[in-house]
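Trainee: Shown below is the structure under consideration.
The values are calculated or read from the model by the stated rules, or taken from the named source; none is laboratory data. A quick note: this is a predicted structure, and the numbers were derived from the prediction, not measured. Cβ atoms come from the backbone with ideal geometry, glycine included; neighbour counts cover every protein chain shown.
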Amino acid sequence: MSQRQVVQVFETYQKARAQFVQTVSELASRPQNIESLQNNGVMQLLRPLLLDIVPTVQQTAALALGRLANYNDDLAEAVVKGDILPQLVYSLAEQNRFYKKAASFVLRAVAKHSPELAQNVVECGALDALVICLEEFDPGVKESAAWALGYIARHNGELSQAVVDAGAVPLLVLCIQEPEIALKRISASALSDIAKHSPELAQTVVDAGAIAHLAALIGNKDSKLKRQVYSALSQISKHSVELAELVVEAEVFPALLSSLRDPDDYVQKNVATLIREIAKHTPELAQLIVNAGGVAAVIDYIGDSKGNVRLPGIMMLGYVAAHSENLAMAVIVSKGVVQLAIALSEETEEHIQAATAWALGQIGRHTPEHAKALAQANVLPRLLDLYLASDNAQDLQSKAKRSLKNILSRCVHLPALEPLLHDAPPNILKHVVGQFSKVLPNDPKARRLFVTSGGLKKIQEIHAEPGTILAEYIRTINSCYPEEIVRYYSPGYSDKLLERVEQYKPSV
């Protein structure tokens, strides 16, 4: 056999390997092929090709493994059990930029499924290798490494701490300053995943100077980047007053409010979430948001959005209103109650209804004036319906009930209360009757209206156990009227009158 024929054998073998990994990689990109690939032992065939002498075969084999591992946790588990991770980690330090991107993709694909699989990635020494990749010249390598680190950190505080301990945070902050938009996005996302677990981890991100660089990206035109920027700032802000104040001091207001009208729903939602996380901490922070026009902007946002996109805006109004009478009044003046009432009637998801009911309760619990705004928006019957619907979740019923009580305890707008006399169950009815017992003794006009509207008659029909607070309320109301009026509207009185008519003997 000639030298040429020998070489041809190896060339044929090399072409076959290259064709095999290329075809497998393409097949792995389509979900319908995964089961067949798995049944034909694809993992065992790809593993030795990770150490192939031809770089393109190595890279394509890694890409194929990444696509397989990305598909489900069983295949990711197979990568771990196949002892493939140590090879990938070793090669991260030795191979070219194309292989590093493919290897990082596999590590990310394995880590994303569960904390246990992410821990497997950590235990094989991947963190140090990935952090080194963040210092590479090639932005694609940095991006792939940042993505993998974010997927590891997102699961829990322990894994996030491991990423921090490996020295990733300062390098990720440097990455968000790079010119490539994709690298900025992924680095901001990774910082968000690190910061979300605890105040200590968020503080680590802050100490690396992340806030100023994230805030500088608020005016960027790229919606996908803004999603991650607002998410990261939200995850930092949520933990404490001090961290929220640091975000505010980066002068994010009022610049971020324009993003509430961004065409991207996720940008809108993340901005509303950031405002919510800042507003919840103190009256001072909430007032700052009001002064910047944040409440009015969020109310417009609630009117323009639906479903889960609406939710953080609804909760933000509840947090603002909870702090003080003045802040709750700022929500009312900006027509917040009207939008919340619309949301309460439009939304069908129970967790959104529960949040809306809670927010309304926070607005209405302060003074009669606050409660009147809610009563005039006709939210009381809707809250009662949500509380009484037996098929509603317990959380929704509980929040609707608590809000009803909060509002009723302050409400003296009697026209809104009267319908509840007919529909409310005893545990709510006592609060309604209690409000009438406070107002009627001091308001002659209200006493007259109460008779003509049928309210007094309804009061006489209520059965209250002697000695109960409800019985005391009814006694107070009845004492506002002449005895013959009370008797006239009492159940059975008309029958007694008819009996007297029958028994009456004319004197003629």
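Trainee: Cβ-Cβ under 7 Å, sequence separation 6+ or interchain: first residue in the stretch 331-347 and in the same structural domain as A371 (by TED's automatic domain parsing), partner part of a helix (DSSP H, G or I) and polar (S, T, N, Q). Which pairs?
Mentor: L340/T356; A343/T356; L344/Q353; L344/T356; E347/Q353; E347/T356
Trainee: Shifting gears a bit: Looking at (1) at pLDDT below 80; (2) farther than 25 Å from S144 by Cα, find the lone condition where Y13 falls short.
Mentor: (1)
Trainee: Let me ask something else about it. Given the conditions (1) under 22 Å from the mean Cα position of the chain (by Cα); (2) farther than 25 Å from G293 by Cβ, which single one is not true for V169?
Mentor: (1)
Trainee: Could you grab me the full set of residues in the stretch 420-448 that are loosely packed, with under 15 Cβ neighbours inside 10 Å and either hydrophobic (A, V, I, L, M, F, W, C) or under 14 Å from L388 (Cβ atoms) (or both)?
Mentor: If the condition is that a residue be loosely packed, with under 15 Cβ neighbours inside 10 Å and either hydrophobic (A, V, I, L, M, F, W, C) or under 14 Å from L388 (Cβ atoms) (or both), then H422, D423, P425, P426, N427 are the ones that fit.
Trainee: Can A16 be described as under 23 Å from S104 (Cβ atoms) and among the small types (G, A, S)?
Mentor: No.
Trainee: Still on this structure, please answer the following. Can you go through K445, K496 and tell me which one is part of a helix (DSSP H, G or I), at pLDDT 80 or above and charged (D, E, K, R)?
Mentor: K445
Trainee: Follow-up question, since we're still on this one. Tell me, which residue of the stretch 136-162 that is within 25 Å of the chain's Cα centre (by Cα) and either β-branched (V, I, T) or assigned to a loop (DSSP other than H, G, I, E, B) (or both) is surrounded by the most Cβ atoms within 10 Å (Cβ to Cβ)?
Mentor: I152
Trainee: Additional query: Looking at the stretch 8-122, what helices (runs of 4 or more DSSP H) fall wholly within it and have at least 2 residues that are more than 41 Å from the chain's Cα centre (by Cα) and buried (at least 17 other Cβ atoms within 10 Å of the Cβ)?
Mentor: Passing ranges, in order: 55-71.
Trainee: Test S36 against the criterion of being modelled with pLDDT of 80 or more, assigned by TED's automatic domain parsing to the domain that holds S144 and farther than 25 Å from L149 by Cβ, and give yes or no.
Mentor: Taking the combined requirement at face value, the residue satisfies it.
Trainee: From the list L149, L159, L92, L107, exactly one residue is over 26 Å from S198 (Cα atoms) and among the hydrophobic types (A, V, I, L, M, F, W, C). Which is it?
Mentor: Step by step, each of L149, L159, L92, L107 is checked, and only L92 is over 26 Å from S198 (Cα atoms) and among the hydrophobic types (A, V, I, L, M, F, W, C).
Trainee: Output the number of the condition that F450 fails; it satisfies all remaining conditions of (1) in contact with a Leu (Cβ under 8 Å, 6 or more places away or on another chain); (2) in a loop (DSSP other than H, G, I, E, B); (3) outside the structural domain of L360 (by TED's automatic domain parsing).
Mentor: (2)
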